[in-house]
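Read the structure below first, then the notes.
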Amino acid sequence: MSKIMLDFISIFSKGGILLWCFKGTGLLDKEWEAFTPTVNQLIKSVLLQERTSKTNYWENGQLALKYKLDNEFELVFVIAYQKMLPLQYLDRLLDEMQIRFRDMFNEHLKENFLALDFSKFDGEYRKAVKLVEEEAKIKEERSKTQGPRSFDQSDKSMKSVASMIKSDKNDSIQLSKKSDKKSSKAASNNNVQHKADKNTEEGDSDDMVNGGDKSGASMTQDEIDEETLRLNRMKLFSGGKKSSSKSSAVKSPKAGKSGKTGTKWDAVMFGGEVSKTEAKNLDRTKDRPEDEVVNVDEADRRMVGTAAVIQDIEEEDSYSGGKKDGGMFSIFKGLVGSKVLTKEDLEPLISKLKDNLIDKNVASEVANKLCESVALKLEGSVCGTFQSVQSTVKESMTESLLKLLTPKRRIDIIRDVMEAKANNRPYIMTFCGVNGVGKSTNLAKICFWLIENKFRVLIAACDTFRAGAVEQLRTHTKRLNSLHPASENGGKDMVQLYEKGYGKDAAGIAMEAINYARDARVDVVLVDTAGRMQDNEPLMRSLTKLISVNAPDLVLFVGEALVGNEAIDQLVKFNAALADHSQQENPHTIDGIVLTKFDTIDDKVGSAISMTYISGQPIVFVGTGQTYADLKSLNAKAVVSILMK
């Protein structure tokens, strides 16, 4: 096997402090520079968002990363390499590096480790690589010498076509084979037991070997087994020495019916007089060995604790380096104090948590990944004193969900509109989504929100496919203008509609509307598009063309809060279509989400988690009621609290 050739290895804390780094030889400086943004992207996209998985694998462009988390010391071990190289045994190398790093710096990792010299780990790293290479070489040589079994060596080669046909005859043959195997196994066990009895009962074994004819030495294995079974049966029926001694002590049922004399417990319990005979009968220690007699006073002191032990707890603080052993608090320490969480501890709680998320309408794939990430985050960590494992898992999942719903970038539409207005151009927002999710209705709600903030809006009716789409927007325009009449706004309508009827090119209508808005000094252009299913390739190409040609500032995906697993398919395919059908080097995909019908789901709020997790984009607006003012921003804490109930 060739030596393991690695390009980049680093060990850093979850706080962002680089502890140790290895760089391979033979790469140019520009090639080295590619690893830094890749590792930073891993931290940003995986570690900070807690999207870790069991494979511990992540790739970015031509580079691939294998990583391992040490939750006890808050460390991350990362190996970077070229994706085209089929490197093996990286997991084994990461495990070995983790063990050696912990062993070398175990005493100082929980303290101030900034002053430590981690360059000493270079030697241990080389030893780890050498060990993994040797193990891999041994496995490779062993696989070459052994090789795979041939067909003739397999059990399947012994079967015929007739034996594989299900019939009563074949079933009886299989049952007879199983019974033969069981009988041979029982015989072998009896043979082993007979050998053990042979060592303990030498008299019987001497008769076996020396008595009668001397044919025992030349017996076959089957004859020995039969003889063993015969002797065991004789011992069973005779009962042996112990059983005979017990049988002699058994009284005949005809011997009499004197029975047992009842104990006068009322006299014992309530201080009555007890005769000497009764006291003697109550003494349960008279026939027992001395080492079995329990000192009651000593047992009570061990169980409850004496006054001296209590005094020790009062005098010395058990939390500040006092007595570590003994005392009442040692019991609690064994239960909950400084417990290292294992996979077995977490598995039942994680499984229950996953079922709860799925019940709250989180897509099953997303729920699996979230729970898997939390389990990997907690495995190996130390549970705090008087802190249950259940509360630890719940807190970790709550923290992960809050991070997921918190926007990773700033989306301030009001500020962006004002900036575009300062540059003498309109701010463009495009709405897309599947049929019937409420694109036009929520577009009107967002339009109301904009005119409430004193911005003039132009609605581009680019849904030239659905009958009644243009008339619906025309009705919304009249209604919004009646709420904000032109007489109160300098004689200008706050909302205008740009329409060209049906059957026209949507991308062309959007371009004309944007040009009109620029000339008329309109602040915002809202582009309404036709609803389309994610699998409809011609319509997805049309949407990609509209976005590529007009370059909107914000592309919003409008999705229902009612969907669960369907949200994954919709978002993934919309994003994929916008990327695949675009001719641009950096295609414009979905920038944010509008979650509609949020008031119809009660506590089934999991779609917000599914959409955010899949797209990686924030939920910008949440549609609730039936009026224009029913438009809200997402309250992440409220959603998470509902999910964790």
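When you restrict to C-alpha pairs under 8 Å that are six or more residues apart and normalise by the size of region 449-571, the relative contact order lands at 32 percent. Taking all protein chains together and rolling a 1.4 Å probe, GLU379 ends up with roughly 80 Å² accessible.
Mind giving me the FRET efficiency for ASP519 and ILE411? R0 is 35 Å, r the Cβ-Cβ distance, nearest 0.05 is fine. Between ASP519 and ILE411 the formula returns 0.80. The order of LEU47, LEU643 by accessible area, most exposed first and with a 1.4 Å probe, is LEU47, LEU643. A Förster radius of 25 Å combined with the Cβ-Cβ distance from ASP535 to GLN626 puts the calculated FRET efficiency at roughly 0.20. Taking a ≥ b ≥ c as the square roots of the eigenvalues of the alpha-carbon gyration tensor, region 393-541 is classed oblate because a/c is 1.5 or more while a/b is no larger than b/c. Relative contact order of region 373-503: 18 percent, from C-alpha pairs under 8 Å at least 6 residues apart in sequence. What a 1.4 Å probe finds exposed on region 388-542 is 51% carbon and sulfur by accessible area, rounded to a whole percent. For region 461-613, the square roots a ≥ b ≥ c of the C-alpha gyration tensor eigenvalues yield an a/c of 1.5 or more together with a/b not exceeding b/c, which makes the shape oblate. Ordered from largest to smallest accessible area (heavy atoms of protein chains, 1.4 Å probe), the residues ILE350, ILE614, ILE99, ILE593 come out as ILE99, ILE614, ILE350, ILE593.
Tell me whether region 66-106 comes out rounded, prolate or oblate; compute the Cα gyration tensor, take square roots of the eigenvalues as a ≥ b ≥ c, and use a/c under 1.5 as the rounded threshold. Here region 66-106 falls in the prolate category. Potential lengthening of the chain between ALA420 and ASN635 amounts to 74.6 nm, from the contour at 0.36 nm per residue minus the alpha-carbon distance.
Per-residue SASA remark: ASP122, around 60 Å² accessible (1.4 Å probe; ligands, DNA and RNA not included). Estimated at the nearest 10 Å², the accessible area of GLU140 is 60 Å² with a 1.4 Å probe.
Sorting MET540, MET104 by accessible area puts them as MET104, MET540; the probe is 1.4 Å, largest comes first, and only protein heavy atoms count.
The values are calculated or read from the model by the stated rules, or taken from the named source; none is laboratory data. On a predicted model such as this, the values are computed, not experimentally measured, just so you know. All Cβ positions, glycine included, derive from the backbone under ideal geometry; neighbour counts span all protein chains shown. Just the protein is used for accessible areas: all its heavy atoms, side chains included, with ligands, DNA and RNA removed. Shrake-Rupley method; radii C 1.70, N 1.55, O 1.52, S 1.80 Å.
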